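Accompanying notes for the structure given below.
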Amino acid sequence: FTEDVEARFKAYGWQVLRVESSEDVDAMQAAIEEAKADTMHPSLIIVRTHIGFGSPKQDSPSCHGEPLGGEALAATKEKAGWPQEMFYVPAEVKEHFAAKLDGCTANEAAWKALMDDYKMVYPELAKELEDRIAGNSMVNLTALEAIFKDTVKNATREASGDIIQVLAAQLPELVGGSADLGPSNKTIMKTGGYFSKLDRTGRNIHFGVREHAMGTVLNGISLHGGFIPFGGTFLVFADFLRPTIRMAALMGIQSVFVLTHDSIALGEDGPTHQPIETTMALRLIPNVSVIRPADALETATAWQQACLNKYKPTCLLLSRQKLTVLHDYAATIHENAHKGAYVLSPAKNEAKAVLIGTGSEVHLALAAQAKLAEEGVDVSVVSMPCWDAFDAQSDEYKESVLPAGVTKFAVEAGVPYGWSRYTGNENNVLGITTFGASAPGDVMMEKYGFTVENLVARVKAAL
């Protein structure tokens with residue numbers, strides 16, 4: 001590995017320090033203090049280390065990929081002058097840490113005294129700080145929904161952008177940006193200013209074309225506390241984010257990933273940008289809330305849930321194409337969308353089947369419901385924006401949405417694999433199992449079978 005890491009980080013404008021030996025504790029401590037003293041730059045400390053230091057396998061790959069083994073472990077302890085005990089902590093280590101306790105207690109008391117004084121002088125700011133650190137965010141869902149009272153049709157990415165403007169006023173803790181796709185992701189807070197070394201008050205962050213770094217920054221902000229961080233890119237580029245999404249899930253932290261252009265309907269950018277498998281891949285990560293809203297109103301609930309999900313990351317999957325705002329179902333959406341799945345449009349008579357849709361395909365399911373009714377086949381339509389939220393509901397509620405003994409059929413512009421958990425088998429899914437192509441979004445949906453006629457035929461064949 002020959003990259004000049006020091007030169008690269010200096011070019012970024014970082015403070016770069018070197019410690020020549022990982023065993024030089026004094027030099028390490030001095031470097032840390034020097035880094036803390038520089039309040040104008042991030043710091044990188046480069047340390048020369050030896051893998052497996054002090055063992056017979058030092059500087060060999062085997063001490064990274066396998067245990068030392070009894071013989072090598074005994075030799076390492078002998079070289080260090082330690083007794084051959086299975087678990088051993090030197091007395092001086094115990095004494096060193098025991099001596100820290102009094103200082104820690106004093107530091108905590110000093111911090112509490114400072115906070116008590118701060119509360120007396122700045123009671124409102126102190127309350128805001130406490131609430132932000134505790135994650136006590138309040139989101140007015142009705143206010144978010146009201147944004148769209150006169151909107152007939154818009155893309156859910158556009159709806160998200162409008163919601164962000166209102167949330168910016170509701171939640172001073174909201175900060176974020178995009179991986180150089182702000183105008184496409186609709187993630188710019190219009191009155192938020194831009195964070196930089198010259199303006200630390202800006203709430204918009206220019207991440208540049210570096211999704212992985214963006215996700216890492218979001219996780220760092222979330223771990224610090226007091227903020228709700230979000231970052232945007234196209235859904236297909238979630239693969240660049242995947243390690244950071246997984247880390248957020250492992251740590252149980254509130255990072256929000258705004259992922260737009262959520263299907264083949266994005267059109268002419270073609271298969272390189274069309275997320276065929278990405279939605280399902282994200283759902284496979286434990287402790288991640290993946291929400292694909294059907295319209296602006298479901299998008300409002302999705303953002304509310306993202307701001308309330310304190311212990312898991314949220315992925316918001318949003319459309320490029322415009323979708324009709326489901327005003328006729330507004331009350332149902334308001335009451336139920338947060339449950340992950342709900343009966344959006346019940347059958348007029350006894351349902352012969354349940355049509356399950358997510359995102360833009362909910363509209364296709366509603367159109368198919370109307371067509372099937374004309375042909376004497378009554379079905380209900382379930383909108384399922386969020387699998388994990390639905391799975392967390394009671395058995396009684398899940399049965400009311402997806403009753404046993406009734407045929408279920410799902411439609412989603414992505415791979416069908418995994419839908420059998422709700423439909424019983426993957427034949428009862430209208431999805432896509434190939435890469436897309438380059439064409440206008442409506443042409444793409446038609447050519448790949450996402451039409452009322454095809455869905456109606458598939459549902460009738462499943463009955």
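All of the numbers you see were taken from the coordinates with simple rules; none came from a lab. Because the structure is a prediction, the values reported are computed rather than measured. Cβ sites come from the backbone with ideal geometry, for glycine too, and all protein chains shown count toward neighbours.
Points to keep in mind about this one:
- Taking label points 7 Å from Cα along the Cα-to-Cβ direction, R200 and D26 give a separation of 3.3 nm.
- Sorting 40-49, 271-280, 210-219 by their mean Cβ neighbour count within 10 Å, with the most densely packed peptide first, gives 210-219, 271-280, 40-49.
- D269 versus L129: modelled label distance in nm, points set 7 Å from Cα along the beta carbon direction: 4.2
- In plain terms, the bigger the Kirkwood radius, the slower the diffusion; for the chain, with that radius from Cα pairs, at 37 °C and 0.692 mPa s, Stokes-Einstein puts D at 129 µm²/s.
- Most to least packed among 144-157, 1-14, 305-318 [average Cβ atoms within 10 Å]: 305-318, 144-157, 1-14
- Beta-bridge orientation, segment 141-462: approximately 15 percent antiparallel, per DSSP, counting only bridges with both partners inside.
- C-alpha long axis of helix 296-308 to longest principal axis of the chain, angle in °: 20
- Relative contact order %, the chain, counting alpha carbon pairs below 8 Å whose residues are six or more apart: 12
- Each of W387, W303 was scored by other Cβ atoms within 10 Å of its Cβ. Arranged with the fewest first, they read W387, W303.
- Environment charge of V406, counting only residues whose C-beta is closer than 12 Å and scoring Lys/Arg +1, Asp/Glu -1: -1
- Viscosity 1.567 mPa s, 4 °C: Kirkwood-radius Stokes-Einstein D of segment 352-398 over Cα pairs, µm²/s: 112
- Secondary-structure-derived ellipticity at 222 nm for the chain, considering helices only, amounts to -13000 deg cm²/dmol, per-run term -39500 (n - 2.57) for DSSP H runs with n ≥ 4.
- For segment 294-371, the set of GluC sites (Glu not before Pro) satisfying both a DSSP loop assignment and a count of at most 13 other C-beta atoms within 10 Å is given as E350.
- For T358, net neighbour charge (Lys/Arg +1, Asp/Glu -1) across residues whose Cβ lies under 11 Å away: -2
- Under 14 Å from the Cα of K348 - aspartates and glutamates, other chains or at least 8 residues apart: E374, E375, D378
- Entries of K197/K322; K322/K447; K312/K339; K398/K460 with Cα pairs more than 26 Å apart: K197/K322
- Nonlocal Lys pairs with alpha-carbon distance under 25 Å, segment 26-131 (8 or more apart, or different chains): 9
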